[in-house]
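To start, the structure itself, in structure tokens.
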Amino acid sequence: MRVDGPQGRFTDADVIDGRKLERVLAVGKHLGYDFGKDRILHVHLGLQGDFTEGSGPLPPVKGALRLRMWNAAAVKRPAVPGESKRHAWYSEDDGTGHLDPEQIAWVELRGPMDCSLYTQAEWEKLLGRLGPDPLNGDGPEKMIAKVRKSRKAVGELLMDQTMFAGIGNIFRAELLYRARLSPFRPGKEVGEDVLRSIWKDAGGLMPAAMIDRRIVTTKPPDRPHKRGQALKEEAHYVYRRNGLPCFVCETTIKKQEVAGRNLFWCPTCQAEPSSVMRG
Ligand SMILES: [Zn+2]
């Protein structure tokens, strides 16, 4: 692989340029490009980071380009018609128009929260901090034990990467909705069976999103269009649907900031225990 950092902020490109990329690790929200010999390129996209990929020759450098990686032989091949496409926000990605992996000759990285070189020890230290990851075949036991000890709201705990590695803002809102669980329920009051079913649900939704390159959490019978692919506006139950009626009960979806990010929920389907009791 050839590697450079046109923007000048990634200064370790020389250390991995020209080396063989042995494997790519993905744990929670962290990516590790393992170039062997204690050289792991760590990438965390954060809120602004984004990859572009393409076929054919490298395009001219544009914008704040933190990192480029390319295959010297592949960039000599002609571009595939339709070729490069900037990844849209995942929530807005309709899953179409992407290149087959074998056609990708280069990738560009812009705006990540982190792009730096880790040693094996540093990578392992990071793994030690992260909770189990439903995409990596981990079991939920550690997560269950931690959540059930906490007084914090489950909506906050789901975003805590030391409990549940890889869950982002869309999955937080959608998993809670699908469990019909109030985001404000304290962790210690959430049943073990509920946490297990959330874990299992994440283990189905997350790989599907990875393959489809879009997150769809609604079940076909709940969508306004019950047949065919989910339209963009019916892909989620609550995420960014504040002010709109719930697909299931027609209550207006609400929004509030929890753990630094907007949380969306249906006050009826995800009623708090006290209001359930009040009937
Ligand atoms: Zn509802």
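The values are calculated or read from the model by the stated rules, or taken from the named source; none is laboratory data. Worth saying up front: this structure is predicted, and the values here are computed from it rather than measured. Here the Cβ is made from the backbone with ideal geometry for all residues, glycine too, and neighbour counts use every protein chain on show. In case anyone asks, the SASA skips ligands and DNA or RNA and just uses the protein heavy atoms, side chains included. Shrake-Rupley method; radii C 1.70, N 1.55, O 1.52, S 1.80 Å.
What about ARG240, is it away from the ligand (no atom under 16 Å from the Cβ), modelled with pLDDT of 95 or more and either loosely packed, with under 12 Cβ neighbours inside 10 Å or not hydrophobic (A, V, I, L, M, F, W, C) (or both)?
Numbers: away from the ligand (no atom under 16 Å from the Cβ): no; modelled with pLDDT of 95 or more: yes; either loosely packed, with under 12 Cβ neighbours inside 10 Å or not hydrophobic (A, V, I, L, M, F, W, C) (or both): yes.
Taking the combined requirement at face value, the residue does not satisfy it.
Can you tell me which residue is nearest to ARG213 (Cα to Cα) among those in the range 131-181 that are among the polar types (S, T, N, Q) and free of Cβ contacts under 8 Å to residues at least 40 places away in the same chain?
Filtering first and then ranking leaves THR162.
Within the range 139-198, take every residue that is among the basic types (Lys, Arg) and in a loop (DSSP other than H, G, I, E, B) and give me the one that is least open to solvent (accessible area, probe 1.4 Å).
Per the criteria, the residue is ARG185.
Give just the number: which of (1) outside any loop (DSSP other than H, G, I, E, B); (2) without any contact (Cβ under 8 Å) to a residue 40 or more places away in the chain; (3) within 16 Å of the ligand (Cβ to nearest atom) does PHE247 not satisfy?
(1)
Residues in the range 217-237 that are within 16 Å of the ligand (Cβ to nearest atom), open to solvent by less than 40 Å² (accessible area, probe 1.4 Å) and in a loop (DSSP other than H, G, I, E, B): how many?
Counting residues in the range 217-237 that are within 16 Å of the ligand (Cβ to nearest atom), open to solvent by less than 40 Å² (accessible area, probe 1.4 Å) and in a loop (DSSP other than H, G, I, E, B) gives 5.
Name the single residue that is modelled with the lowest pLDDT among those in the range 263-279 being open to solvent by less than 60 Å² (accessible area, probe 1.4 Å) and within 14 Å of the ligand (Cβ to nearest atom).
The residue in question is SER275.
Checking LEU109 against (1) part of a helix (DSSP H, G or I); (2) modelled with pLDDT of 90 or more, only one condition comes out false. Which one?
Result: LEU109 passes all but (1).
Yes or no: GLY260 under 16 Å from ALA153 (Cα atoms), more than 14 Å from the ligand (Cβ to nearest atom) and open to solvent by 50 Å² or more (accessible area, probe 1.4 Å)? Even if it seems obvious, please write down each step before you answer.
Details: under 16 Å from ALA153 (Cα atoms): yes; more than 14 Å from the ligand (Cβ to nearest atom): yes; open to solvent by 50 Å² or more (accessible area, probe 1.4 Å): yes.
Criteria met by GLY260.
Part of a loop (DSSP other than H, G, I, E, B), under 18 Å from the mean Cα position of the chain (by Cα) and within 16 Å of the ligand (Cβ to nearest atom): does that describe ARG214?
No; evaluated as a whole, the condition is false for this residue.
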